[in-house]
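Only one structure is covered here, and it is reproduced in the block below.
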Amino acid sequence: MLTIQLIINALAVGSIYAVTALSFEIAYESTGVVNFSTGQLVTAGALVGASVTAIGPHLAPVAYLAVIVAMAALGLLFFVGAYLPLRNRPVLTVIIGTVAVGILVQNVSLLIWGPLPIAVASPVGNATIRLAGLVVPTHALFVILVTMVLILAVYFLLYRSPLGTQFRALAQDPETARLIGVPVMRLYALTWMLACALAGIAGLLLAPMWFVDVGLGDSLALKAFAAAIIGGFGSIPGAIIGGIAVGLAEVLGASYISSSYKDAIVFALMILFLLFRPQGLFGERVADRA
């Protein structure tokens, strides 16, 4: 029973890592850029949601809508202010630009919300469900359910819609996509809006589990990055499986080994993948792209 309890908790934590890893993957798949401001975007989403829910717990649906709109707008600003001016520069320059954006977002968040941690109520309350000896927080089930909905939504967007066909064409060859009439700049803008919205939702899901402060997303983004590596960069299914794997490694490692080493266990797992399977679980070998 204890193991089942831990697995449920790990799935909840891993679901948040999976959503954050999806944000990494979508930006990387379309633009080839690893967005190192993801952690700060997660924090921004959590803080926006905290501000709305502070008015009243009944505004939780409004909080989710506000986070999606606010983070999509931030993604558009990201595209116009950072990616668009740097898109023709070396990829490393663009990556450094994402670091600068992260620092800017973190400092603006500090000015608006201050350094003190904020407690955020879950939209489903703090109740627990007892079943056959298991005690499951309702928020954990809520996180898993929302993650499943997001995964399905991203799947249908990318693989079952005309817009998804354009996204995949852009990911394969931007120049050819432009020649056949794909609105490349518009899709780049939508990419950053979607990536930022997913990061914000991850922050909103995480907020009731931890206290929210301006450094909330830093460690989360590192573990989501590890999840993306384990699953395979450029693979949407890999982001999901990698997030769950990281959640299981963290929770089970903390319970059965030591909570002091839970982060070390996650990053040791990432290093093992980098050494013995650098393409990840679902990534392609470099030779396969030739």
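Pairing each residue of the stretch 3-20 that is over 11 Å from ILE144 (Cβ atoms) with any residue that is among the charged types (D, E, K, R) and part of a helix (DSSP H, G or I), provided the two are 6+ apart or on different chains, yields C-beta distances under 9 Å for TYR17/LYS223; TYR17/GLU250; THR20/LYS223.
Candidates in the stretch 26-42 are the residues that are in a loop (DSSP other than H, G, I, E, B) and polar (S, T, N, Q); of these, the one that is nearest to ILE240 (Cα to Cα) is ASN35.
Kindly indicate whether any position in the stretch 115-135 is among the hydrophobic types (A, V, I, L, M, F, W, C) and either closer than 18 Å to SER37 by Cβ or assigned to a helix (DSSP H, G or I) (or both). Walk me through it before giving the result.
Restricting attention to the stretch 115-135, the residues satisfying the condition of being among the hydrophobic types (A, V, I, L, M, F, W, C) are 116, 118-121, 124, 127, 129, 131-132, 134-135.
Then keep just the ones that are either closer than 18 Å to SER37 by Cβ or assigned to a helix (DSSP H, G or I) (or both); that gives none.
No, that holds for no residue.
Do you know which of the residues in the stretch 47-90 that are polar (S, T, N, Q) and surrounded by 13 or more Cβ atoms within 10 Å (Cβ to Cβ) is modelled with the lowest pLDDT? So that I can check it myself, show each step before the final result.
Initial filter on the stretch 47-90 (polar (S, T, N, Q)): 51, 53, 88.
Narrowing further to those that are surrounded by 13 or more Cβ atoms within 10 Å (Cβ to Cβ): 51, 53.
On the way: SER51: 88, THR53: 81.
Among those residues, the one meeting the criterion is THR53.
Among the residues of the stretch 264-290, those identified as in a helix (DSSP H, G or I) and modelled with pLDDT under 90 are VAL286, ALA287, ASP288, ARG289.
Across the stretch 135-162, the qualifying residues are those that are within 23 Å of ALA121 (Cβ to Cβ) and not β-branched (Val, Ile, Thr), and the one among them that is nearest to the chain's Cα centre (by Cα) is LEU150.
Please go through the stretch 32-46 and give me each residue that is of a type in the set (Gly, Ala, Ser) and at pLDDT 90 or above, ordered by number. Correct list: SER37, GLY39, ALA44, GLY45, ALA46. Filtered by the rule that a residue be without any contact (Cβ under 8 Å) to a residue 60 or more places away in the chain and out of contact with any helix residue (DSSP H, G or I) (no Cβ under 6 Å at 6 or more places or on another chain), the stretch 232-266 gives PRO237, TYR256, ILE257, SER258, SER259, SER260, TYR261, ASP263, ALA264. Report yes if ALA169 is of a type in the set (A, V, I, L, M, F, W, C) and either touching a strand residue (DSSP E or B) at 6+ places or on another chain (Cβ under 7 Å) or loosely packed, with under 14 Cβ neighbours inside 10 Å (or both), otherwise no. Judged against the criteria, ALA169 is not a match.
The values are calculated or read from the model by the stated rules, or taken from the named source; none is laboratory data. Everything numeric in this text was worked out from a predicted model, so none of it was measured. Neighbour counts run over all protein chains shown; Cβ positions are idealised from the backbone, glycine included.
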